[in-house]
Amino acid sequence: MKKIEIALAGNPNSGKSTVFNMLSGGRQHVGNYPGVTVEKKEGRFVYRDYQILLVDLPGAYSLSAYSTEELIARDYIIEHKPDVVVDVIDASNVERNLYLTTQLMEMDVPLVLAFNMSDVAKQKGLVFDTEQLSRLLEADIVMTVASKERGRDELLDMIIAAAEKEKKPRAHRINYGSEIEEEIGKLEKVISENGFVWGQGYPVRFAAVKLIEQDKELLEKMDSDDVRKTLAASAERIRGIWGDEPEIILADKRYGFISGACQETIKSTVELRHSISDMIDTVVTHKILGLPIFLLLMYVTFMVTFKVAEYPMGWLESFFGWLGLVITQLWPAGELLWLRSLLVEGVIGGVGGVIVFLPNRLLLFAAIAVLDASGYMARAAF
């Protein structure tokens, strides 16, 4: 039976723990990472003749040395080299969650993306081109709803496929621009020549980028004067070109990559409805067509109002006329004539004479509402 080790990464509140429970089926061991109080959860289970070890890494927004959780997640991936890293992403907030994904890409690890809470994303009107996004990120994407255990088998099948796949260098990577890429290249070269921390398994490009970002842990481990001098010169050049600290510039570049990928592969049905509305507005607020459209709508509205109202007005008039005639015929001859006159000519005739115009008034109010909307369109055109 083959063994697979999976590291489960993701932002806090992305549903990572729910995905862990869905995959492990509750078969888990809880402890702490060595030397810290951060909780460590492991789950062991069997799926399709594979014995799987699932490790739930601490929730992290990036893989920098800004917090204990981020450092533990990074060190675990570097030291244990899991067969697959599953990045759990909140599908309703992909752009924010992909920042961690970009750093996992830089670590060049076998990667599978679990777009969790996909039902919430659907409710928000988000539509994903997962094939294109998968190509851009070079990672398979599985839509899941872990709280309802949807997508479990698909995710596990994708994990096994990623673990069995022959590892190749990434065809796509985040491009930081020619100036920064030049400095990264210089650092990669001098790092390779000096063998800096490679016994600990850091990928060369990942280490170069992190050094430029002034990563505290890597700076403390740096024991090469050549690397130190090259880094200082690179950081100074980047500050001179961009007028800001290198870590801020690199973060902006990552978010630029993420924004471009999302714009290309994620659409919103709300935006689609707005686009249709914009197309209509383009016609009805046209500088030349706007006024004729307004006049046409006004003419149609008044014609419909008076033509359509003729029918219910006629029906009401006939009804009250018939009612008055019936009462007159059935009234006892010579008795209480004043009361008959009050009922037939006063109540029925008076009320009927007013109510008969009610359909016309209702349609007129509707016409006024339409005219208000049409008037707004005409004013917008000018």
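A few comments on the model shown:
- In the stretch 38-78, the residue that is farthest from D108 (Cα to Cα) out of those that are open to solvent by less than 20 Å² (accessible area, probe 1.4 Å) and free of Cβ contacts under 8 Å to residues at least 40 places away in the same chain is F45.
- Output for the stretch 20-44, where each listed residue is in a strand (DSSP E or B) and under 13 Å from I6 (Cα atoms): K41, E42, G43, R44
Matching residues to (1) in a helix (DSSP H, G or I); (2) touching a strand residue (DSSP E or B) at 6+ places or on another chain (Cβ under 6 Å):
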position	(1), (2)
A9	no, yes
V46	no, no
P58	no, no
A65	no, no
I89	no, yes
N97	yes, yes
T101	yes, yes
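- Criterion applied to K229, K253, K210, K216 was being open to solvent by 90 Å² or more (accessible area, probe 1.4 Å) and either without any contact (Cβ under 8 Å) to a residue 12 or more places away in the chain or under 32 Å from the mean Cα position of the chain (by Cα) (or both), and the one residue passing it is K229.
- Whichever residue in the stretch 2-25 is free of Cβ contacts under 8 Å to residues at least 40 places away in the same chain and open to solvent by less than 10 Å² (accessible area, probe 1.4 Å) and, among such residues, is nearest to V86 (Cα to Cα): F20
- Within the stretch 138-197, the residues that satisfy the criterion of being open to solvent by 20 Å² or more (accessible area, probe 1.4 Å), small (G, A, S) and not in a loop (DSSP other than H, G, I, E, B) are S147, A161, A163, S178, G185, S192.
- If you go through the stretch 220-249 and pick out every residue that is of a type in the set (V, I, T) and closer than 20 Å to Q103 by Cβ, you end up with 3.
- Where a residue in the stretch 81-102 is open to solvent by 10 Å² or more (accessible area, probe 1.4 Å) and its partner, wherever it lies, is part of a helix (DSSP H, G or I), with Cβ under 6 Å and at least six apart: D83/A163; D90/N97; S92/V120; S92/A121; E95/I258; E95/C262
The values are calculated or read from the model by the stated rules, or taken from the named source; none is laboratory data. What you see is a predicted model; the values in this text were computed from it and never measured. When we count neighbours, we look across all protein chains shown, and the Cβ atoms used for this are built from the backbone with ideal geometry, even at glycine. Ligands, DNA and RNA are excluded from the accessible area calculation, which covers all protein heavy atoms including side chains. Shrake-Rupley method; radii C 1.70, N 1.55, O 1.52, S 1.80 Å.
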